[in-house]
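A quick write-up on the structure given underneath.
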Amino acid sequence: MNNAINSTISFIKEQYKTESFIPLHVPYFGGNEKKYLLETIDSTFVSSVGAYVDQFEAMMQSITDTKRAVAVVNGTAAIQVALRLIGVNAGDEVLTQALTFVATANSIMYQNATPVFLDVDLDTMGLSPKSVSLFLEEFGDLREDGCYNKRTGKRISACLPMHTFGFPIHLDELIEVCDRWKIPVVEDAAESLGSEYKGKSTGSFGKLGAFSFNGNKIVTCGGGGAIVTNDPKLGEKGKYLTTTAKIPHPYEYVHDEMGYNFRMPNLNAALACAQLEQLNRFLENKRQLAKEYESFFATNGVKFRTETPNTKANYWLMCVELENKIERDLFLKETNAKSVMTRPIWQLMYRLPMYSDCQRDKQVNAEFLEERIVNIPSSVR
């Protein structure tokens, strides 16, 4: 194993042409970022109103082929608002995965709802349609006004899958199961900008999709998020709620609902537009790196995770699968000690104190992956 780790470190340093510290994922600014930022400063429209906010929303509609995009302050806010738009209320439950970044579960709790953690598929590392179907067959109670959990008596008001590291889940199968049980799907597409399932963008399959533009994402504007939907009414409602639920008026402050100050500043939107202009180049660059990683690891006895059939992954964070937890921990220790940043996949959500009491299934696949998956440097070169 030590020989494989040492050759991996050498290979990664060769890819990034440096002997110094190699981070996991850093932004690449090679386009109009400075130009657009200076234009925004000169315009004085640096806050939540400005031309670049409108341009960003139009670009996201085009990229995802959806009818409405709403710019927000970050990906977590995008998920939270999407859940509210779809009708997740206090006391409800939301089906999701335990193998995810904590923001997925937090967004559910922000709506005073409760996550139910179901297992993932081994191939996608995302929510398993089979796990959802088995859970609903055992606990689902289909009524006129929706689906309820037989164990808790609570309404299951949404299903929230996450496209882990940009690898699309089995969307058709999941949506078919959820449609059968009258459960709307909201996609946590925070990590999957540019990924496709059967030729269509992730985020465009559910009733709503949520994206993140955090500093470590494939496209960044420092912070930032977006909600996308093919339902224009939901989109307009989302814009209204995220701009403090303010009714347009020439001078009066009129708010008729509890809203959020989740507006993306024009300054961030300017940076996002410059980044989105380079998205296709970033995707090509990362997919080429993924091919080189795949070829390298194939000769070193380490499994490199690749996209599944009928999908196109953005390879946001690339990852390897080690034989067991002992080998995983050795890999993490040795690579980080030699200035190559690697990170394990997240702890499962029910291991965290605030989610330890949530209902869950056996999590066989999630626990298998938790002990074996490691992210490796994935930046645009």
May I ask you to verify whether SER131 is under 23 Å from ALA103 (Cβ atoms), crowded, with 19+ Cβ neighbours inside 10 Å and over 18 Å from the mean Cα position of the chain (by Cα)?
yes
Given the condition over 30 Å from TYR36 (Cα atoms) and either modelled with pLDDT of 95 or more or open to solvent by less than 40 Å² (accessible area, probe 1.4 Å) (or both), answer yes or no: does some residue in segment 270-280 qualify?
no
Within segment 142-157, the residues that are open to solvent by less than 50 Å² (accessible area, probe 1.4 Å) and on the phi < 0 side of the Ramachandran plot are CYS147, TYR148, ASN149, ILE156, SER157
Restricting attention to segment 11-40, the residues that are surrounded by 13 or more Cβ atoms within 10 Å (Cβ to Cβ) and assigned to a helix (DSSP H, G or I) number exactly 10
If we ask which residues in segment 171-195 are aliphatic (A, V, I, L, M), touching a Phe, Trp or Tyr at 6+ places or on another chain (Cβ under 8 Å), buried (at least 24 other Cβ atoms within 10 Å of the Cβ) and not in a helix (DSSP H, G or I), their number turns out to be 3
Screening PHE304, PHE368 for residues that are modelled with pLDDT of 95 or more and in contact with a helix residue (DSSP H, G or I) (Cβ under 6 Å, 6 or more places away or on another chain) leaves only PHE304
**Item:** Residue match in segment 351-365 (condition: in contact (Cβ under 8 Å) with a residue 12 or more places away in the chain, outside any loop (DSSP other than H, G, I, E, B) and within 18 Å of the chain's Cα centre (by Cα))
**Value:** no
Taking segment 206-231 and keeping only residues that are open to solvent by less than 10 Å² (accessible area, probe 1.4 Å) and either of a type in the set (Gly, Ala, Ser) or in contact with a strand residue (DSSP E or B) (Cβ under 7 Å, 6 or more places away or on another chain) (or both), one is left with LEU208, GLY209, ALA210, PHE211, PHE213, GLY224, GLY225, ALA226, ILE227, VAL228, THR229
Here the residues within segment 1-10 that are part of a loop (DSSP other than H, G, I, E, B) and either in contact with a Lys or Arg (Cβ under 8 Å, 6 or more places away or on another chain) or closer than 30 Å to ALA270 by Cβ (or both) are none
For segment 311-327, the count of residues that are touching a residue at least 40 places away in the same chain (Cβ under 8 Å) and closer than 16 Å to ASN2 by Cα equals 7
Considering segment 41-57, residues that are within 21 Å of LEU85 (Cβ to Cβ) and over 20 Å from the mean Cα position of the chain (by Cα), and then whichever is surrounded by the fewest Cβ atoms within 10 Å (Cβ to Cβ), we arrive at ASP54
Restricted to segment 194-227 and to residues being touching a Leu at 6+ places or on another chain (Cβ under 7 Å) and aliphatic (A, V, I, L, M), the residue farthest from LYS67 (Cα to Cα) is ILE218
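Restricting attention to strands (runs of 3 or more DSSP E) lying wholly within segment 62-155, give those where 1 or more residues are touching a Gly at 6+ places or on another chain (Cβ under 7 Å).
Where strands (runs of 3 or more DSSP E) fall fully within segment 62-155 and carry at least 1 residues being touching a Gly at 6+ places or on another chain (Cβ under 7 Å), they are 68-72, 93-97, 146-149.
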For segment 105-118, check the following and say yes or no: at least one residue is surrounded by 24 or more Cβ atoms within 10 Å (Cβ to Cβ) and β-branched (Val, Ile, Thr). yes
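The values are calculated or read from the model by the stated rules, or taken from the named source; none is laboratory data. Source: prediction; values computed, not measured. Counting neighbours? That spans all protein chains shown, and the Cβs are built from the backbone with ideal geometry, glycine included. Ligands, DNA and RNA are stripped out before the accessible areas are found, and what is left, the full protein with its side chains, is counted by its heavy atoms. Shrake-Rupley method; radii C 1.70, N 1.55, O 1.52, S 1.80 Å.
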